[in-house]
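Okay, so here's the structure we're looking at.
All of the numbers you see were taken from the coordinates with simple rules; none came from a lab. None of these values were measured; they are calculated from a predicted model. All Cβ positions, glycine included, derive from the backbone under ideal geometry; neighbour counts span all protein chains shown.
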Amino acid sequence: MNRRLPPLNALRAFESAARNGSLTRAAQELSVTQGAVSRHVSQLEEWIGLKLCARIRRGIEITPEGAALAAVLGTAFDQIETQVHRLRYHRPAGNTLRIKLPPTFAIRWFVPRLARFHALHRQIDVQITTSHQTVDFDREDIDICIHSGPAPLTGLACRRLFGETLLPVCSPGLLQRTGAPADPADLSRHVLLCSLHRPDDWPTWLDAAGVTTVDGNSGLKFENSALAYQAAVDELGIVMAQRAFVEEDLRTGRLVEPLGLRIKTGSGYYLAYPQPQRSSPLVKAFEQWIVQEASAMEEAG
C-alpha cells in the first residue's frame, strides 16, 4: 500500500508545539530554532489544508482540529518510542558496553582502574561518555551509567558504590610559599578552588567547621572538579575535594591535607541501568567488577 503522509519533521514539530503550548519550548525540546518549528507547523497546515494553531502573545492556541491531530500523534510517537526501547534492550548481545560517567569520576577514579577491568574481560569493548546531565536511557545509546546525587535514580536497577567525603587539599609547594592555615578560619588568606558544578562544597565544609568569616563562594571556579584538582597541584590554591578522587595524590604526596577536618555529605555515587539489562552478561561482569573496586577503596580508606 502506498502511504502518503506529511513530512515526519513537520508532524514531530507540531506535536511538540501542541504539547508544550509554545513554539519556543518545542524548539528547545527538539534542539532547533523557533523559526524552524514555525516553518514545519506551517508546512503541515499547508499540506492538510487546515489551520492547526493560532499564534498568540504567550504561545500558541490549538484549534479543535489541531488538538485532535496532536492527540493521535502523541499516542503514535509514544508507541514508536516504546517499541524501539523494547527492541533495543532485547537485541542480540554484542561485545560493546556503553557507559556514561560524570567527568571527574571518569578522570580521577574510573580510568585509572579501567586496565584492571580490561585485563579480566578482554572480550568487552568499553565506550565512555562523560556528562553532568542525568542519563536518559530511552533516548541515549547508553547501557549503564554512574549517577551522583543524594538518592538513586528511580525506575532503574541501582547499586550504591560509595559516599562523598569532603576535605580541603593543596600542593605541598603552596604551603611552603604561604604557610599552612592554622585553623579553618585562616583559609581567608588563601585562594579557594572549586567546580562550577559543586558550588555547595566549600560552604558545606565551612559550615561544619563553624567558620562564618570565610566566603565559600569566593576564589577560582572551574568547569569540573578534575580541573580544580589540577589547579591545586599547580599551586593555585586550596581545593575542596572528594576523598575518593584524591586518595592516590594524598598517598604519593602530590597533594596534602592542610586541615584535619573531613565532612561526609548525604550524597553518593550509584551504578544504574534499565531493569531489562540485569540479564546482560556484559552488565553483570561490569557490576561485579566495579562493586569490588569500590568496596576495596572503602576498606582501604
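Restricting attention to the chain, close to 65% of DSSP beta bridges with both partner residues there are antiparallel.
Working note: Karplus 6.51/-1.76/1.60 with θ = phi - 60° gives the range 158-166 the couplings 10, 9, 6, 9, 6, x, 9, 10, 8 Hz, where Gly and Pro are set to x. With all pairs of different C-alpha atoms in the average, the Kirkwood value for the hydrodynamic radius of the range 124-180 is 15.3 Å.
GNM on the chain, alpha-carbon springs under 10 angstrom: the most fluctuating residue among 160, 278, 57 is 57. Averaging 1/r across all pairs of distinct Cα atoms in the range 133-271 and inverting the result yields a Kirkwood radius of 16.0 Å. Starting from a Cα-only point model with no solvent, please compute log10 I(q)/I(0) by Debye for the range 7-63 at q = 0.14, 0.15, 0.29, 0.31 1/Å. After summing over all Cα pairs, the log10 values are -0.29, -0.33, -1.27, -1.41. Taking amide H positions as placed 1.01 Å from N in the peptide plane, with prolines and chain starts having none, which residues 5 or more places from residue 222, or on another chain, fall under 5 Å of its amide H? Sorted by chain and number, the residues that satisfy this are 194, 195, 196. The C-alpha radius of gyration of the chain, expressed as a fraction of 2.2 N^0.38 Å, stands at 1.32. Per-residue ellipticity at 222 nm, computed for the chain from helices alone with -39500 (n - 2.57) per DSSP H run of at least four residues, works out to -13000 deg cm²/dmol.
Taking GluC sites (Glu not before Pro) in DSSP loop conformation with at most 14 other Cβ atoms inside 10 Å as exposed sites, the chain has its longest uninterrupted site-free stretch at 1-139. For the chain, a Gaussian network of Cα nodes joined below 10 Å ranks 48, 80, 107 by mean-square fluctuation, and the top entry is 48.
Over all directions, average the projected area of the Cα convex hull of the range 1-142 and note it in nm². Spelled out: convex hull of the Cα atoms, projected over all directions, averaged, 12.2 nm². When the Cα convex hull of the range 247-301 is projected onto planes of every orientation, the mean area is 5.6 nm². Database remark: amide H of residue 157 closer than 5 angstrom to the amide H of 273, 275 (H placed geometrically; neighbours at sequence offset of 5 or more, or on other chains; Pro and chain starts carry no H). Among 115, 209, 68, the residue with the largest mean-square fluctuation in a Gaussian network model of the chain, with springs joining Cα atoms closer than 10 Å, is 68. Less than 5 angstrom separates the built amide H of residue 98 from those of 127, 143, 144, all sequence-distant by 5 or more or on a different chain. Here the range 198-301 has an Rg and Dmax of 17.2, 54 Å, counting Cα atoms alone.
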